[in-house]
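In what follows, a structure is listed as structure tokens, so that the remarks can point back to it.
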Amino acid sequence: MSYVDEVLATVQQKDASQPEFIQAVSEVLESLRPVIEANEAKFRKEALLERIVEPDRQIMFRVPWVDDQGQMQVNRGFRVQFNNAIGPYKGGLRFRNNVNLGIIKFLGFEQIFKNSLTGLPIGGGKGGSDFDPKGKSDREIMAFCQSFMTELSKHIGADVDVPAGDIGVGGREIGYLFGQYKRIRGLYEGVLTGKGLEFGGSLVRTEATGYGLLYLTREMLRCNGKDIAGKTVVISGAGNVAIYAAQKAMQLGAKVVTMSDSTGWIYDPDGIDLEAIKEIKEVKRLRLSEYVTYRPNSQYTEGGNVWSVPCDVALPCATQNELDLDDAKALVANGCFAVAEGANMPTTLDATAYLQENGVLFAPGKAANAGGVATSALEMTQNSERLSWTFEEVDAKLESIMVAIFHKMDEASKRYGMEGNYVAGANIAGFEKVASAMIAQGM
């Protein structure tokens with residue numbers, strides 16, 4: 001049995017109840033086979049794969065808080081510090097009712113390689129809770145965040161572990177979390193990113209993941225003889241990533257015709273009205289079904305997803321495993337030639353394989369959505385230097401990082417005889433840097 005197969009079998013046995021984590025490990029290790037086979041004796045001796053799939057530590061804790069009716073509630077909190085070979089643990093906090101240890105481990109594992117690809121000194125981690133902010137008052141969210149940070153503060157720090165936001169954790173939540181950290185630890189430091197501009201946040205952080213997705217997508221298309229201008233784009237999601245991916249796509253001359261949320265999706269043949277979306281989702285915090293009141297010519301569909309709509313480029317920006325094999329077949333049949341992941345692992349493994357087999361350019365999330373964590377690292381730099389860069393400065397650095405990420409994965413795929421396989425290229429480029437650092441540092 002090969003080294004890769006041995007480690008995969010061990011993970012499947014030890015973590016059998018964590019399908020998302022097993023999926024992530026399988027996807028990465030399968031694509032790393034050429035690298036591992038070329039260095040098998042060395043990697044075996046170092047137990048490199050066993051070490052890289054096992055987190056440094058997994059922290060799980062109780063989060064008690066009191067709701068507006070005076071009732072005590074209890075949620076579960078998580079922080080998985082996966083790998084700090086190249087820098088402090090870095091990764092977001094996700095507040096959603098389906099969060100569990102397996103999902104946090106999958107996200108943290110992906111974060112190792114994503115963070116490595118940015119070229120910045122940040123390791124991989126992830127955290128969150130099965131608390132759902134939807135429908136909660138500001139006071140309830142503050143109470144939860146303060147209780148959550150009371151425990152989490154024991155395990156993080158500006159040079160140890162720097163969380164950020166993710167699904168369910170925006171500027172409001174980060175503000176409450178930061179305030180509690182400062183209160184407990186008595187330290188004013190860059191321990192969280194995604195902060196408000198008034199207290200150490202960075203310009204472009206809100207837009208970063210969506211903008212970065214388009215910078216990488218544009219470079220991928222350009223290097224394959226295509227131009228995003230004039231193309232039709234379908235986007236899933238209606239959160240931070242989707243909104244700013246749509247904004248940048250429009251700025252680059254594309255037409256975005258779909259968006260979605262947890263209840264359904266909209267199709268606007270004339271192009272999405274982004275100001276209406278922002279008012280519905282960011283100001284009023286309503287369901288996307290409200291969009292038809294702004295644009296009567298649009299269509300709202302309850303349930304389902306956007307992948308049946310004909311397009312040139314598809315950008316899944318909602319959540320994991322939202323684009324399956326049937327969706328991939330629909331995209332190919334309708335002429336889609338590029339897919340770039342704005343969410344974390346939104347495409348199933350069989351769907352990814354089908355897209356690649358049918359000549360669709362495919363940029364995996366660990367590369368395509370790395371703009372968020374890259375700008376978080378730029379926020380950390382500004383905090384350390386007690387500086388604040390302009391929007392244009394940060395945006396230029398973000399664009400440079402995303403273009404470099406594309407070329408790293410492109411070159412890695414070519415180096416191992418897999419030209420055009422950007423999934424393998426991203427995994428290899430991210431892995432090589434982390435593996436080298438782990439070996440250099442010993443056990």
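The values are calculated or read from the model by the stated rules, or taken from the named source; none is laboratory data. Since this is a predicted model, take the numbers as computed values, not measurements. Cβ placement follows ideal geometry from the backbone for every residue including glycine, while neighbour counts extend to all protein chains displayed.
Structure values in brief
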{"item": "Residue list for the stretch 301-319, filter: out of contact with any Cys (no Cβ under 9 Å at 6 or more places or on another chain) and surrounded by fewer than 22 Cβ atoms within 10 Å (Cβ to Cβ)", "result": "Thr301, Glu302, Gly303, Gly304, Asn305, Ser308, Val309, Thr319"}
{"item": "Identity of the residue in the stretch 321-358, in a loop (DSSP other than H, G, I, E, B), modelled with pLDDT of 95 or more and among the polar types (S, T, N, Q), that ends up nearest to Val234 (Cα to Cα)", "result": "Asn334"}
{"item": "Checklist (1) touching a Leu at 6+ places or on another chain (Cβ under 6 Å); (2) not assigned by TED's automatic domain parsing to the domain that holds Gly77; (3) not acidic (Asp, Glu) applied to Phe178, failing item", "result": "(2)"}
{"item": "Entirely in the stretch 24-71, the helices (runs of 4 or more DSSP H) that have 2 or more residues that are loosely packed, with under 15 Cβ neighbours inside 10 Å and either in the same structural domain as Cys145 (by TED's automatic domain parsing) or out of contact with any helix residue (DSSP H, G or I) (no Cβ under 6 Å at 6 or more places or on another chain) (or both)", "result": "33-38, 40-45"}
{"item": "Residues that are of a type in the set (Gly, Ala, Ser) and out of contact with any Phe, Trp or Tyr (no Cβ under 9 Å at 6 or more places or on another chain), drawn from the stretch 369-390", "result": "Ala370, Gly372, Ala374, Ser376, Ala377, Ser384, Ser388"}
{"item": "Neighbours by Cβ (under 7 Å, 6+ apart or cross-chain): first from the stretch 194-211, closer than 26 Å to Lys182 by Cα; second of a type in the set (D, E, K, R)", "result": "Gly194/Arg205; Gly201/Lys195; Gly201/Glu379; Ser202/Glu379; Val204/Asp395; Arg205/Glu379"}
{"item": "Number of positions in the stretch 57-91 that are within 18 Å of Val191 (Cβ to Cβ) and not aromatic (Phe, Trp, Tyr)", "result": "11"}
{"item": "Scan of the stretch 415-435 for residues that are free of Cβ contacts under 8 Å to residues at least 60 places away in the same chain and either β-branched (Val, Ile, Thr) or buried (at least 18 other Cβ atoms within 10 Å of the Cβ) (or both), ordered by number", "result": "Gly425"}
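So that you can scan it fast, the table gives a plain yes or no per residue for (1) outside any helix (DSSP H, G or I); (2) touching a Phe, Trp or Tyr at 6+ places or on another chain (Cβ under 8 Å); (3) at pLDDT 95 or above; (4) farther than 20 Å from Val35 by Cα:
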residue: Glu392; (1), (2), (3), (4): no, no, yes, yes
residue: Asp395; (1), (2), (3), (4): no, yes, yes, yes
residue: Ala412; (1), (2), (3), (4): no, no, yes, no
residue: Met438; (1), (2), (3), (4): no, no, yes, no
